[in-house]
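Enquirer: Can you keep this structure in mind? I'll have questions shortly.
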Amino acid sequence: MGKTRKRGRKPKLATEEETASQDYSTASINDAVSLPATTATAEAVEPNDPDSQGCRRGRSKKIKVASPERRSSRLADSNGDCAAVAETPLIPKWEGTVKVVPSMDAVVKVFCVHTEPNFSLPWQRKRQYSSSSSGFIVGGRRVLTNAHSVEHHTQVKLKKRGSDTKYLATVLAIGTECDIAMLTVSDDEFWEGVSPVEFGDMPALQDAVTVVGYPIGGDTISVTSGVVSRMEILSYVHGSTELLGLQIDAAINSGNSGGPALNDKGKCVGIAFQSLKHEDVENIGYVIPTPVILHFIQDYEKNGAYTGFPILGVEWQKMENPDLRMSMGMGPDKKGVRIRRIEPTAPESHVLKPSDIILSFDGINIANDGTVPFRHGERIGFSYLVSQKYTGDRAQVKVLRNSQILEFNIKLSTHKRLVPAHIKGRPPSYYIIAGFVFTAVSVPYLRSEYGKDYEFDAPVKLLDKHLHSMAQSVDEQLVVVSQVLVSDINIGYEEIVNTQVLAFNGKPVKNLQNLATMVESCDDEYLKFDLEYQQIVVLKTSTAKAATLDILTTHCIPSAMSEDLKS
């Protein structure tokens, strides 16, 4: 019984000091309006003012947790000084403790709705999905983020720090190789009160960096700190390219993509874009450094669009073996790398030759392992020198050929792959005849068909073409039978899938457009397709073309070919 009475005992009223020191967020609605205002007023008055001292003493005797009406009446009865102070606008306690960092205010949250192509059914798209990532405001009313953050976008919105408004954004350029995208917002309100982020120099090893962004798990800004642990040529997963990159030991989580990496002066030294997920490593993140970022921006400003990073267009071999160097006529004073193969589509294919020794690029000597001096105590692959150029630029290349030193002024261009790494936002091309679905192979196609481990699961023949074959012309494509839509006319061919088409009626297939043109204009009695693995497909021309319309209707396919093949 005694315990019951103790629980029912009237609680002791809190004093003014205890009440005022309560956390602002836990107070009731009425208290949140009045108590902090009174406390803020008492702290704002000069302590040496006698009137203010008397006013504060009077309140300390009378203050209770009361309604706003009673408190306002007591303040009105007080002297004029106290009444004037009480009308000061309410300022939450935490406002005084916020550290204002202008560079962080320029970091925005990116909301994107994606609609990816359906490579298995190329006449339609997949179900849309949403993602969030980070970005930051730079000069010229532009915002930078990652290319993979807005890939296959149908709508992009941006939200500033501390704002509750999402602004529609327009994608100006997408750099697939460097994984950078440039956005803008037409609404002037978005740009008010925000200073753009400035770019700093490349950091040195052990320099402190801070990655700012909006990782998954919250709507407020997140900050992780670390140091630069390595700088080298990295493999950019999204672009399937190799460019200069920074390795840091700060955590980069999903959603951090596109956020800036800031130095201790608040200047941007990179863009967070990928991390290493492996059971043997922890906290390894990668950042796109400022030389790559500025190359992307200047490329856009120079050409009005993104044109890409040029390549030399050769495959080379190290010359570290002394016997190999001697057989190639290289004395102790000569260093360089041997050309193994040259891209047939590269401008230098008519100038350079296999077994040429590249001694220097733009006057910078190349070592036997393919590296060049970078900074104090550092060396880097000479492809970095090439990536600093722009499409169409020229470079001086010195080579050793048959014991003679030759110099060439070579024009640089972008890489033309037989199996492209991206389709650059365009829908996939396709052509259908008698239920046979023909399409061109790309890396996104292989990833769609065989998953992220496509390099292990895809057919060996396709992988060999992807990894080792070179395009003989700029318009060459790897055309395959993607699948066979079953019908009476294609009985016995149902199991053909992802098999390359080599020739049609004895003529080589150059690309998908070439195949569609030859089939549509064919007047022969039979359609004969020569496939990989010595397979052949033979169909009667009149029957095949007549059956195509019924097959399209059955599978709800709007057209027998994609729009790009009709033009």
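Enquirer: State, to one decimal in nm², a quarter of the convex hull surface area for the C-alpha atoms of segment 430-555, i.e. the direction-averaged projected area.
Expert: Details: hull surface 31.8 nm².
Mean projected area for segment 430-555: 8.0 nm², to one decimal.
Enquirer: At 0.36 nm per residue, minus the direct Cα-Cα distance, what do VAL460 and ARG230 gain on full extension? Give it in nm, one decimal, please.
Expert: Answer, rounded to one decimal: 79.3 nm.
Enquirer: Continuing with this model, one more query. Express in whole angstrom the spacing between the alpha-carbon centres of segment 150-206 and segment 374-453.
Expert: Here the answer is 27 Å between Cα centres.
Enquirer: Taking 7 Å along the Cα-to-C-beta vector as the label spot, tell me the ASN402-THR414 distance in nanometres, rounded to one decimal.
Expert: Distance between the two pseudo-spin positions: 3.8 nm.
Enquirer: Starting from one equal scatterer on each C-alpha and no solvent at all, send me the Debye-based log10 I(q)/I(0) for segment 201-331 at q = 0.11, 0.20, 0.21, 0.22 Å⁻¹, two decimals.
Expert: Treating every Cα as an identical point scatterer, log10 I(q)/I(0) equals -0.50, -1.14, -1.21, -1.28.
Enquirer: What ranking of GLU494, GLU476 comes out by heavy-atom accessible area, probe 1.4 Å, highest first?
Expert: Reading off the accessible areas and sorting them downward yields GLU494, GLU476.
Enquirer: Quote the FRET efficiency, to the nearest 0.05, computed for GLN534 versus SER163 with a Förster distance R0 of 45 Å and r equal to the Cβ-Cβ distance. Before the final figure, lay out each step's value.
Expert: Details: r = 64 Å, r/R0 = 1.42.
Rounded to the nearest 0.05, the efficiency is 0.10.
Enquirer: Then there's this: Which entries in the list LYS452/LYS545; LYS510/LYS566; LYS265/LYS302; LYS507/LYS545 go over 26 Å, if you measure between the two C-alpha atoms of each? The partial results should precede the final answer.
Expert: Values: LYS452/LYS545 37 Å; LYS510/LYS566 17 Å; LYS265/LYS302 29 Å; LYS507/LYS545 20 Å.
Violating the 26 Å Cα-Cα cut-off are LYS452/LYS545; LYS265/LYS302.
Enquirer: What is segment 102-308 by shape, rounded, prolate or oblate, if you read a ≥ b ≥ c off the alpha carbon gyration tensor as root eigenvalues and call it rounded for a/c under 1.5, prolate for a/b larger than b/c, and oblate otherwise? Don't jump to the answer; show the numbers that get you there.
Expert: Working: a/c = 1.38, a/b = 1.15, b/c = 1.20.
Rounded.
Enquirer: Viscosity 0.890 mPa s, temperature 25 °C: what is the translational diffusion coefficient of segment 286-345 from Stokes-Einstein with a Kirkwood Rh over Cα pairs, rounded to a whole number of µm²/s? It would help to have the intermediate numbers written out before the result.
Expert: Working: Rh = 15.0 Å.
Rounded, D is 164 µm²/s.
Enquirer: Starting from the Cα of GLU189, step 7 Å along the direction of its Cβ; do the same at THR553; then give the gap between the two resulting points in nm.
Expert: For the pair GLU189/THR553, the computed spacing is 5.3 nm.
Enquirer: Taking the Cα centroid of segment 481-529 and of segment 264-334, what is the distance between the two, rounded to the nearest whole Å?
Expert: Here the two parts' Cα centres lie 41 Å apart.
Enquirer: Okay, moving on. How many Lys pairs in segment 314-412 lie less than 20 angstrom apart by Cα atoms, where the lysines are 8 or more positions apart or on different chains?
Expert: 13
Enquirer: Also, I was wondering about something else. What percent of all Cα-Cα pairs in segment 314-412 falls into each 5 Å bin, going from 0 up to the bin containing the maximum distance?
Expert: 2, 13, 24, 27, 20, 10, 4, 0
Enquirer: Any idea which of VAL386, HIS376, PRO344 is furthest toward the positive side of the dipole for segment 308-436, if Lys and Arg beta-carbons carry +1 and Asp and Glu beta-carbons -1?
Expert: The listed residue farthest towards the positive side: PRO344.
The values are calculated or read from the model by the stated rules, or taken from the named source; none is laboratory data. Since we're looking at a predicted model, the values are computed, not measured. FYI the Cβ positions are ideal-geometry reconstructions off the backbone, even for glycines, and counts take in every protein chain you see. Accessible surface areas use protein heavy atoms only, side chains included; no ligands, DNA or RNA. Shrake-Rupley method; radii C 1.70, N 1.55, O 1.52, S 1.80 Å.
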